[in-house]
Ligand code: ADP
């Protein structure tokens, strides 16, 4: 994996968990917070840290924020600070800005500023939980559009020992299997003759309702 430089602004629960995961994955992470205690708590999980008010242009400039590949604005309830910080980052020409929104209106403002990825933690997590309940065999998913997903689905037990042609998944469930994950192996565009094994994970593309049915088979 290539090494990127990330800056996380706002080291509450959300910002710290992003910083921690990136740091664990060997990425360079600068953690910034206006509050000294928040910075101290996050120190084990970042490469570097700074106490600074990110809504101040001078503070951001002195941290060399321009040089970062991706900046995450994880400021929570202080909407004014979140918006000012996002604006400054945009003006500095940061290539990838990610920001947390606490309400729909907050998100709309961030979108107008040109933030590249807006996250609504509670709403997004709620959707993930509901999707998991609707599709118990689903491990992970990517939303391609409002209606279409790519999902990783554990092979239903009764399909083990059969091949894709026999199972006729595309016609019966209206989903297409684009890859199979088997132990450490990945079989891309599997042949119709590929014999499926217990424990296989199917990577399937399709309408999310069709995928939900497929991922709830016994
Ligand atoms: P969470 O729900 O993720 O815990 P919080 O609202 O508790 O979110 O955390 C947001 C963090 O952002 C806090 O630690 C706060 O000190 C920090 N923060 C708020 N305003 C600024 C700012 N202008 N510059 C830097 N950090 C800020």
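Bear in mind that the values in this text are calculations on the coordinates, not laboratory data. Predicted, not measured: the structure shown is a model, and the values here were computed from it. Methodologically, a virtual Cβ is constructed for each residue, glycine included, from the backbone with ideal geometry; neighbour enumeration extends over all protein chains shown.
Here are some notes:
- Taken over the stretch 62-111, the criterion of being exposed (fewer than 13 other Cβ atoms within 10 Å of the Cβ) and either farther than 19 Å from residue 49 by Cβ or within 20 Å of the chain's Cα centre (by Cα) (or both) is satisfied by 77, 80, 91, 93, 95, 103, 104, 105, 108.
- Scanning the stretch 74-101 for residues that are within 10 Å of the ligand (Cβ to nearest atom), more than 19 Å from residue 123 (Cβ to Cβ) and assigned to a helix (DSSP H, G or I) returns 80, 81, 84, 85.
- Single match in 39, 46 (criterion: in contact with a helix residue (DSSP H, G or I) (Cβ under 7 Å, 6 or more places away or on another chain) and surrounded by 14 or more Cβ atoms within 10 Å (Cβ to Cβ)): 46
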